[in-house]
Every structure is written in C-alpha cells, then in structure tokens.
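K.L.:
Quick one: structure below, then a few questions.
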Amino acid sequence: MANEEKIFADGFSFKRNEKAPDFVVGRLSIKADDGVAFIRQHEKGGWVNLNVKTARSGNYYIELDTYEPTAQSGMKPQSEKQATPKQKAPEPEVAEDEDGELPF
C-alpha cells in the first residue's frame, strides 16, 4: 500500500470505556451535520467504509477506508456487487407404496 494521505472521518468519534463490560467495545458518536456531509462526499455505490484505528498516543480515530480491490484480487468493489437471485431448491422425491399410500 502506498503512502496515501489519511482522510479522517469528519463528525465521527469513537471512545472506549475501560470500565464497561467486556462485550462493550466502545461508543461511536456522530455529529449529524458533519457526519452526513462526510458520508455524502465519500459514498461509493451507497456505502462508506470507515476504519477505527489507534493513534500513537493511544487515542482512537476514525479514518475513511480508501481500499479499492483490483481485478487481480478477484473481488468486486461493493458498488459492482449485485444481488443474485436465489434458485429454488428442487422438490424432494417422495416414495410411495404399491397401493399409492405414503410409507409413514
């Protein structure tokens, strides 16, 4: 990965409470006006991917995930993924007795 400039997520804040139970990872706060503006500016295909990272100071910050899969990775970007229709499973065959009755 090249030395790309970090894009900090405006309006987003993440804090960990060390006194919280283990199942609580942290608290995400979003300043509505700034967060919505950031999302609208950076959305691709209806999605904005963010990473929660730890700074050298030990504080958390939220950064825009700018990863773009290449054709070599075999993955399609989220904007190119399409829902594939599910095929209906074939009906199971039911064996009948000689008299036409079900065997149970």
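Please treat every number below as a calculation from the coordinates, not as lab data. Here the structure is a predicted model, which means the values were calculated and not measured. Backbone-built Cβ (ideal geometry, glycine too); neighbour counts: all protein chains shown.
K.L.:
From the phi of every residue in the stretch 34-41, what ³J(HN,Hα) in whole Hz does the Karplus formula 6.51 cos²θ - 1.76 cosθ + 1.60 yield, where θ is phi - 60° and glycine or proline is x?
P.N.:
My calculation for the stretch 34-41 gives 5, x, 5, 4, 4, 4, 4, 6 Hz in order.
K.L.:
If neighbour count is taken as other Cβ atoms inside 10 Å, put Ser57, Ser13, Ser29 in order from fewest to most.
P.N.:
Ser57, Ser29, Ser13
K.L.:
Follow-up. Just want the ordering: Leu64, Leu28, from fewest to most Cβ atoms lying within 10 Å of their own Cβ. Present the calculation step by step, with values, prior to reporting the outcome.
P.N.:
On the way: Leu64 18, Leu28 13.
Ranked by crowding around the Cβ, least crowded first: Leu28, Leu64.
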